[in-house]
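Here the structure is laid out as structure tokens; the discussion comes afterwards.
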Amino acid sequence: MTLPSHRFILAVFIVMITLCGCASASTPAWTIEKKVSAIYPSYDGKTIVASGNNLLYMANDGTIAWMDKPYDYIDVAGDGEYVIAAGPYATLYDRKGNKVWENENTGDSASNDEPLKVKISRDGNLILTYTSVKFHTWSISGGLVGANTSYLVTEGNAYFSDVAMSPSGDEILFFTVSGIYAVNRTGAPISKNEDDWECRIGTLADDGRKAVCAYDNRLAYGHTSGVQLWDKRIASDSITSIAVSSGTDPRIVAGSLDGYVYVVDATGDVLWNQKLFTYRVDQPITVSITRDGNTICARSLDTKTMKGAIFLFDRNGNQIFSTEEEDAVGTLSPDGSLLLIGTEDDLSAYALATLTSAPLAAGETETVPATAAETTIAAAASVSPAASAVTGTVAATAVPPTTPPAPVLPALALVACVIVAAIVVRQ
């Protein structure tokens, strides 16, 4: 029998390494077999809190530190030192799973129709419990710091539709359909703007000094003091989720019922947009972004398969990963280390360093995102005269849609690895 040449053996091993590398690119770094329906990574990326059948507290390597009963709403301090949970009452845990305190009646008028919601400042020093009509602030020891009502804060104008806290908790910003309202940690009003802002959902920039909010298909951006920098029509349908990166030139991500993910710069220009499906699903899109703005995650429901679909994009709008699983939810670790995906069966963590270097999957086509100039041209061509009359109007440009690729490349690559290895052994 003639032995294979050295060149043949070298070529075979190169093929094996390449294919097996492709296979491992979409392999989770770790998986925990627990149902997960919501995921809350800490700001520093070292802690992951999840909720499903249990409240789970774990390190970013997947090691579970402790578990407890599930809750409706959860938030975690920036360093993972504390976890605040609500449903039906508020409970504060430390990182070891000890209950620091539990409050069965925070006084926020929670009900079955409107459950209690909670937040904790990034530095872990202030806790907020709230509904659309009342709020209270608490110290880590459980002492009452302050309180107020939507009627008094907004002077009877509106209910709270969303809320955000500064990193230190010294400023709490309430978003309403009739304006934005800032209060201090005791609940005393600091500032307001009832003329320019109109918000249903909102969040703060990383430093807590700028605010972003959405109302229908529009985004607004400005200072928490109430000074608005711009208000623009971004999408063709209601915006359902927003996220902001860090830095002096942050990227703002928005998911819309029109099926698109939009990335906007600090001046309100659309840098790119991507359609998640080739067909309309009319489902909310939730988004997250790493602090450096290099990776964007979007999640929606695929109405054809009735599965949760997770998409990953780089900062230029190129799709680098996607998957569909039963009841899947997904988010990014803010530090840019992990993509976290929860399902009916488990929680999986993918190292972003491997996903962002992975080749395109089978059936996936690389798309070139629209430039700001192309977006402006498309906007001018597609916006109606009535819409064009609105100051700052920007319309979405259509990009070639891509169907969510089936994650078959890893499986095929592994099969190929086995076949090639068998050939070498037989030779």
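Backbone phi angles across the range 159-165, fed through the Karplus curve with coefficients 6.51, -1.76 and 1.60 (θ = phi - 60°), yield HN-Hα couplings of 8, 6, 9, 7, 8, 9, 10 Hz in residue order; Gly and Pro are listed as x. Distance from the C-alpha centroid of the range 112-145 to that of the range 28-58: 22 Å, rounded to the whole angstrom.
Every number here is computed from the coordinates shown, using simple stated rules; none is lab data. All values reported here derive from a predicted model rather than from experimental measurement.
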